[in-house]
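Structure below; questions to follow.
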Number of protein chains: 4
Amino acid sequence: MIHGTEYVLSQDPFIVRRVVRWGDCDPAGVVFTGRFTDYLLGAVALYTEHLAQGASSLGAAHGVDTPCRGMSLSFEGTLWPRDEIDIHCTIGSVRTRSYDVRCVAVRTDGRPVFTATFSPICVRSDARVGTDIPPSLRAILEAHQRTPASPDMPARA
Amino acid sequence: MIHGTEYVLSQDPFIVRRVVRWGDCDPAGVVFTGRFTDYLLGAVALYTEHLAQGASSLGAAHGVDTPCRGMSLSFEGTLWPRDEIDIHCTIGSVRTRSYDVRCVAVRTDGRPVFTATFSPICVRSDARVGTDIPPSLRAILEAHQRTPASPDMPARA
Amino acid sequence: MIHGTEYVLSQDPFIVRRVVRWGDCDPAGVVFTGRFTDYLLGAVALYTEHLAQGASSLGAAHGVDTPCRGMSLSFEGTLWPRDEIDIHCTIGSVRTRSYDVRCVAVRTDGRPVFTATFSPICVRSDARVGTDIPPSLRAILEAHQRTPASPDMPARA
Amino acid sequence: MIHGTEYVLSQDPFIVRRVVRWGDCDPAGVVFTGRFTDYLLGAVALYTEHLAQGASSLGAAHGVDTPCRGMSLSFEGTLWPRDEIDIHCTIGSVRTRSYDVRCVAVRTDGRPVFTATFSPICVRSDARVGTDIPPSLRAILEAHQRTPASPDMPARA
C-alpha cells in the first residue's frame, strides 16, 4: 500500500488521493479553508501534467500559456487530521478560449467533501493576450470531458 | 507612510492594502494562483474581525460558528513582486443561513485585479449543524451590505 | 511507478520522495526558500508517524506532547520544477528532554540538496511544561539512531 | 493605530510587527511550526528591502544574487491567535561570501518567542557560482551590524 500525502491513485478515471496533515488543520481541529485551495491546485497540477503526456506543461505542449481565469469551491464535508480523500478530475465545459477542470472530492467511502471548478484561459506564450484554444489542445480536452452523470463520477457530482 | 505586507487602509469603506512579495510569485514571475486565496482570506479575516467589534470572531460574537460554505475567485489582472492592491470588502447577499463577503481587488490606480465571494454558513457552536443567521448578526451584516453600484465601490465591480 | 508529490519510498531506511511543483518555485525559477520548510516538515511528519506505529502521533503514543524546540536547514543544491528529491530520515542525538530528527535530501542521482535537523522537546500533555523523554519513547528513538557514517546514509551527510 | 498582519513598526532599530492569524494555528491551538518560517522570511524581506534603499532587492543593488545558504530557528514561546510579536532585525556575522540576518522575536511585553538566523550567500548574477560580498554591500551590512549585547536588542538575545 502506498503511504503518502498526495499521489495519483488511478489514471482512468483520474483520481488523486490526498491525506490530511496536522499542519493543514486550524484550531477548530479541521482543515483550514485556505488549505483546500492547495488540495485543489495539487490535484489539477497532477491531472494537467497527465494530459500533457510528457511535455513540461499542458499549455507548453500546445504552444500557449494557460493562466487561471477563475476558480470556485463548494464545501460539503469537514476533514480532520489523517482523513483521506479521493479527488476525481475531469474536463467540464470547453469554451472558445477557456475551459473547466472539474474536481469532485469524496471520502474513500464516497461521502462528499468538496466540488471545485478550475478554469484556465489560453493566452499567447509571447504576450499575456487571450487566444483561442488550439485545435490540438481542444481535441485532448474533449476526449477527457465527462458529464456530471458519467458513471465514473460519484452519483452526487 | 505605512510600510507593510497586509494592513487596513480604511475602515469605512473597508479596504485592506496588500503588497505582493517575491515568495508569492511563481516562475512566470507573477503571483501564483494559490496565493490569491491567501490574499482573499487575509482580507476577509481583517474585515470580519472589524465587524466583530472586539469579540474573538464574528461568529463567537453572536453564538454561532461560521465555517466557509463556498468561495469563488475571478482573475482580471496579473501581479508582479512589489505590486500593491487594495481589497475592498463589503457584505453582499444575506440568506437564511449563509451570506456573502464580497471582495474587489484593484491596483492603486483602479485597474481590476480580482473579484471574489467568500460565503460563510452559520452552524451551531455545539455541533456542526446548520442554523439560521442570528438576528443580531443579521443586523450587522445588513448594515454593511452594499450593492455593486454603490459609490464606495469601484465602478467596475 | 508511483506518481505523486510526497510519499514514502522506503521504510528501512526511511526515505520520503518529494517532487517539486511549479507553485513551490519563485521568479528565479527555483524552489522558494520558505517552501523547503514544507518539504522538511512533510518528511518529518511521515517519519514520526512511522515511528508511532499506528498511534495518532509519536508523542501521544508515549503520553507526552512534542512541540518543536528548534530547526535548522543548510542548502547545498538548487531545485527546479519537476525535480525529484529523496529525503532520508533518521534519529540523531537523543538528549534528556529533546532529540533530533535528521534529514538529508539528495537528488535521485545522489547529488546533495539540503540537510536539516528538526528537534522536538517533550512536554507534559496536560501542561506546556518540559519533561524527560519517556523510557518507551527513548527506546524507539535509540533503535532508529544512525551515525552520519552509517552505510544507509549518503557519504556526504 | 495601525491594524494589520505584518508591517514595519520602526526603522531604526528595524522592527516588524506581526499578528498571529487563526489560519496560522494548528489543532493544538498554537502557531504551527512551519508558519514561523513565514514570519521569519516576511521580516527578512522587509528588512533587506529597507537595506536595499529603493532597489528591487538588496542583491540587485550590488550586482549579485543572494540565495539562502542556511537558516535556523530556536523556539522559546508559544503563540495563540491574535497574539502580537515584534521581530527585531539586525546584521550579525559578515563573512567572505555569506552573512547573517539575525531576528529576535518577542511579545510586546518583551517575553521571548523565537530567535532565528537567516544566512544569504552571494552568487554571481549571471551564474549560480559563489562570489565575494561586494565592497558596497559589505559597507551597508557592517553599518547595520549589532552585537547581541547592543542596547537596542532585548537582553536575552
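The values are calculated or read from the model by the stated rules, or taken from the named source; none is laboratory data. Keep in mind it's a predicted model, so treat the numbers as computed, not measured. Here the Cβ is made from the backbone with ideal geometry for all residues, glycine too, and neighbour counts use every protein chain on show. Ligands, DNA and RNA are stripped out before the accessible areas are found, and what is left, the full protein with its side chains, is counted by its heavy atoms. Shrake-Rupley method; radii C 1.70, N 1.55, O 1.52, S 1.80 Å.
Looking only at the range C:31-81, which residues are at the interface with chain D (Cβ under 8 Å from one of its Cβ atoms) and in a loop (DSSP other than H, G, I, E, B)? Quick ask: steps written out before the conclusion?
Here is the first cut: in the range C:31-81, the ones at the interface with chain D (Cβ under 8 Å from one of its Cβ atoms) are C:33-34, C:37-38, C:41, C:65, C:67-75, C:78.
Result: C:Pro67, C:Thr78.
Which members of the range D:67-88 meet the condition of being touching a helix residue (DSSP H, G or I) at 6+ places or on another chain (Cβ under 8 Å) and closer than 15 Å to D:Phe118 by Cβ?
Passing the criteria: D:Pro67, D:Cys68, D:Met71, D:Leu73, D:Ile87.
Turning to a different aspect of this structure: Which number in (1) more than 30 Å from A:Asp126 (Cα to Cα); (2) modelled with pLDDT of 95 or more; (3) part of a helix (DSSP H, G or I) marks the one condition that B:Thr5 misses?
Tallying (1) more than 30 Å from A:Asp126 (Cα to Cα); (2) modelled with pLDDT of 95 or more; (3) part of a helix (DSSP H, G or I), B:Thr5 fails exactly one: (3).
Additional query: Select from the range D:39-56 the residues that are surrounded by fewer than 18 Cβ atoms within 10 Å (Cβ to Cβ) and either of a type in the set (A, V, I, L, M, F, W, C) or closer than 23 Å to A:Ala28 by Cβ (or both) and list them in ascending order.
Across the range D:39-56, the qualifying residues are D:Ala52, D:Ala55.
Okay, next question. In the range C:112-129, which residue that is among the hydrophobic types (A, V, I, L, M, F, W, C) and in a loop (DSSP other than H, G, I, E, B) is nearest to C:Asp12 (Cα to Cα)?
Taking the range C:112-129 and keeping what is among the hydrophobic types (A, V, I, L, M, F, W, C), we get C:113-114, C:116, C:118, C:121-123, C:127, C:129.
Filter again for in a loop (DSSP other than H, G, I, E, B), leaving C:122, C:127, C:129.
Details: C:Cys122: 25, C:Ala127: 35, C:Val129: 34 Å.
Across the range C:112-129, the extreme among qualifying residues is C:Cys122.
Considering only the range D:82-111, state which residues are of a type in the set (Ser, Thr, Tyr), in a strand (DSSP E or B) and away from chain C (no Cβ under 14 Å). If you could, list the steps in order and put the result at the bottom.
Going residue by residue through the range D:82-111, those that are of a type in the set (Ser, Thr, Tyr) are D:90, D:93, D:96, D:98-99, D:108.
Okay, now just the ones that are also in a strand (DSSP E or B), so D:90, D:93, D:98-99.
Across the range D:82-111, the qualifying residues are D:Thr90, D:Ser93, D:Tyr99.
Taking only pairs six or more apart or across chains, which ones have beta-carbon atoms under 6 Å, a first residue in the range C:82-111 that is farther than 30 Å from B:Asp26 by Cα, and a second residue that is among the small types (Gly, Ala, Ser) and open to solvent by less than 30 Å² (accessible area, probe 1.4 Å)?
C:Arg97/C:Gly130; C:Ser98/C:Ser119; C:Asp100/C:Gly92; C:Asp100/C:Ser119
Report the residue count in the range C:1-13 for those that are at the interface with another protein chain (Cβ under 8 Å from one of its Cβ atoms) and surrounded by fewer than 20 Cβ atoms within 10 Å (Cβ to Cβ). Reasoning before the result, please.
Going through the range C:1-13, the residues at the interface with another protein chain (Cβ under 8 Å from one of its Cβ atoms) turn out to be C:2-8.
Next cut, surrounded by fewer than 20 Cβ atoms within 10 Å (Cβ to Cβ) only: C:2-3.
Qualifying residue count, the range C:1-13: 2.
What residue, of A:Val20, A:Val16, is crowded, with 21+ Cβ neighbours inside 10 Å and modelled with pLDDT of 95 or more? Before the answer, list the steps.
On the way: A:Val20 fails: crowded, with 21+ Cβ neighbours inside 10 Å.
From the options A:Val20, A:Val16, the qualifying one is A:Val16.
Within the range C:115-123, identify whether any single residue is out of contact with any Lys or Arg (no Cβ under 6 Å at 6 or more places or on another chain) and surrounded by fewer than 21 Cβ atoms within 10 Å (Cβ to Cβ), and answer yes or no. Lay out the reasoning, then the answer.
Narrowing the range C:115-123 to residues out of contact with any Lys or Arg (no Cβ under 6 Å at 6 or more places or on another chain): C:115-116, C:118, C:120, C:123.
Keeping just the survivors that are surrounded by fewer than 21 Cβ atoms within 10 Å (Cβ to Cβ) gives C:123.
Yes, there is a match, as at least one residue in the range C:115-123 is out of contact with any Lys or Arg (no Cβ under 6 Å at 6 or more places or on another chain) and surrounded by fewer than 21 Cβ atoms within 10 Å (Cβ to Cβ).
Can you list residue pairs whose Cβ atoms sit under 7 Å apart, with the first residue in the range B:123-137 being under 12 Å from B:Leu58 (Cα atoms) and the second being of a type in the set (D, E, K, R)? Count only pairs 6 or more apart in sequence or on different chains.
Once the first residue is under 12 Å from B:Leu58 (Cα atoms) and sits in the range B:123-137, its partners that are of a type in the set (D, E, K, R) give B:Ile133/B:Arg97.
Name the single residue, out of those in the range A:14-30 being more than 7 Å from every other protein chain (Cβ to nearest Cβ) and assigned to a loop (DSSP other than H, G, I, E, B), that is farthest from the chain's Cα centre (by Cα). Steps first, please.
Going residue by residue through the range A:14-30, those that are more than 7 Å from every other protein chain (Cβ to nearest Cβ) are A:14-20, A:24, A:28, A:30.
Narrowing the set further to residues that are assigned to a loop (DSSP other than H, G, I, E, B) leaves A:20, A:28, A:30.
Values: A:Val20: 17, A:Ala28: 26, A:Val30: 22 Å.
Among residues in the range A:14-30 that are more than 7 Å from every other protein chain (Cβ to nearest Cβ) and assigned to a loop (DSSP other than H, G, I, E, B), the one farthest from the chain's Cα centre (by Cα) is A:Ala28.
Here are some residues: D:Gly63, D:Gly110, D:Gly59. Which one is farther than 16 Å from D:Glu6 by Cα and open to solvent by less than 20 Å² (accessible area, probe 1.4 Å)?
Numbers: D:Gly63 fails: open to solvent by less than 20 Å² (accessible area, probe 1.4 Å); D:Gly110 fails: open to solvent by less than 20 Å² (accessible area, probe 1.4 Å).
The conditions single out D:Gly59.
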